[in-house]
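First up is the structure itself, then whatever we jot down about it.
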Amino acid sequence: MEGCGMKCIKYLLVVFNGLFLIFGIVIIAAACVDMGMIKGFAGMEPTGHETDAVLIAIGVLIIVIAAFGCFGAWKESPKLLYIFAGCLIIIILLELSVGIAAAALRPQIEGTLKTQLRASFIKNKSTREEDSSYRDFWDRIQTNLECCGITGPDNYGASEPRLNPSFSCCPSDDSNRDDQIKRSDCLSLGKYYKEGCEEKVLSTVHSAGMTVIVCGILFCFLEVAGIVLALWLAHAIKTQGKSRETA
C-alpha cells in the first residue's frame, strides 16, 4: 500500500469528506425548508417539527466531522481516522433513529396540520378587520398555491358568516382596472380557483419531507463508504509504519 496506492486512498478520502461537507449543508437546507413549510402552513399555530431541528443539528455535526476527517486523512493519523470512522457510525445511528421517528410522526404532523388549517380558515372568515393576521395568512396560501378554501371555494359560503370567495382566490390580473372591478368580474364569471388548499398544502409538505428522507438515505450510503475508506487508510498507515520499523 505504499506510494501511489495509499496516496490515492488518502486523496479519495479527502474528496469524500468534501462530499460530506456538501451533503451536510444539503441536509440542513432541506430540513430548514421542511420546517419553514410546516411553520408557514400551520395556520399561525405551533406544530411538530422536532425531527427537522434534530436533522439540522446532525447537519452541523456532519460539517464539523467532515473537517476533522480531512485533517486526519491529510495528517495520515490512524488515531484521528479511527475517531472519524467512529463518529460516522454514530451519525448513521442518529440518522436512522431520526428517519424512523420522522416516518412514524409524519402522519401525526400532517393530521395536526390539517386540523390547524381548518381552524385557521374559520378564524380567517370570522376575524375582525383590526386583527387580519389569519386573513393575510390565507391570502398568502391561496395566492401562492393557486387554490381556494379548504376543499374548494364553496367553503366560504358553507357556514356562518357566509361570504363570497376571497379576492386572493382569483388568478392574478395585471390590468389597470380597480381591484373592486377585478373582484366583481372574478366572482360573477366564476374565474376563481376551484381546487381546495388542504390537499395542496399537505402535498407540498409531504414532498418536502420526502426530500429530507431521500437526502438522509443517500448520505448513509456515502457515510458507509467513508468509514470503509477511513479504516482502510488507517490500516495501511499502521502497516507501513510497522514495515519501516522492521526495516
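Calculate, in nm to one decimal, what Thr204 and Ala119 gain on full extension: separation in residues at 0.36 nm each, minus their alpha carbon distance.
Working: separation 85, 0.36 × 85 = 30.60 nm, distance 1.94 nm.
The span from Thr204 to Ala119 would gain 28.7 nm if fully extended.
Taking R0 as 41 Å, what's the FRET efficiency between Ala103 and Asp174 from their Cβ-Cβ distance, rounded to 0.05? Please list the in-between numbers first.
Values: r = 44 Å, r/R0 = 1.07.
The formula returns an efficiency of 0.40 here.
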Net lengthening on full extension, Ser184/Val14 (0.36 nm per residue, minus Cα-Cα)
54.9 nm
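Each reported figure results from applying straightforward, stated rules to the coordinates on display, with no laboratory input. In this text the structure is predicted, and so the values were computed from the model without any measurement. Backbone-built Cβ (ideal geometry, glycine too); neighbour counts: all protein chains shown.
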